Amino acid sequence: MREPLDHLCLMLMILIGTACRPEAALELTGAQLDFDDRLIDLSLRGRAQTKKFRSLVKMPETLAAVLANAPSGRLVTFRDSRSKRPTRPGAAGGRAG
């Protein structure tokens, strides 16, 4: 990446550029990017397959320019750690109130 992008801006660019689910964008790593063929493999190796498949998508030119010097680790990070999806109150199984 040319300049450090705000994690939210990068997240939105990945979501719009790939039309993937937020969880797939948060789990995206530099190793899943293929700049030679301009492809992004949204499926993780070793991830248990569910009914929802993750695809291989074309990398838009705008996103390719932003991710040109991406690290091999997670792309969307916040304060040097993997960004986590916010949880809603009571999502841990308990009832709120």
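The values are calculated or read from the model by the stated rules, or taken from the named source; none is laboratory data. Quantities reported herein were computed from a predicted structural model and do not represent experimental measurements. Every residue, glycine as well, gets a Cβ built from its backbone with ideal geometry; the counts of neighbours run over all protein chains shown.
List of remarks:
- The residue pairs whose first member lies in region 20-47 and is under 20 Å from Ala68 (Cα atoms), whose second member is among the polar types (S, T, N, Q), and whose beta carbons are closer than 6 Å, counting only pairs six or more residues apart or on different chains, are Leu26/Ser83; Gly30/Ser72; Ala31/Ser72; Ile40/Thr18; Asp41/Gln32; Leu42/Ser55.
- One residue stands out among those in region 44-81 that are in contact with a strand residue (DSSP E or B) (Cβ under 8 Å, 6 or more places away or on another chain) and exposed (fewer than 12 other Cβ atoms within 10 Å of the Cβ): the one that is modelled with the highest pLDDT, which is Gly73.
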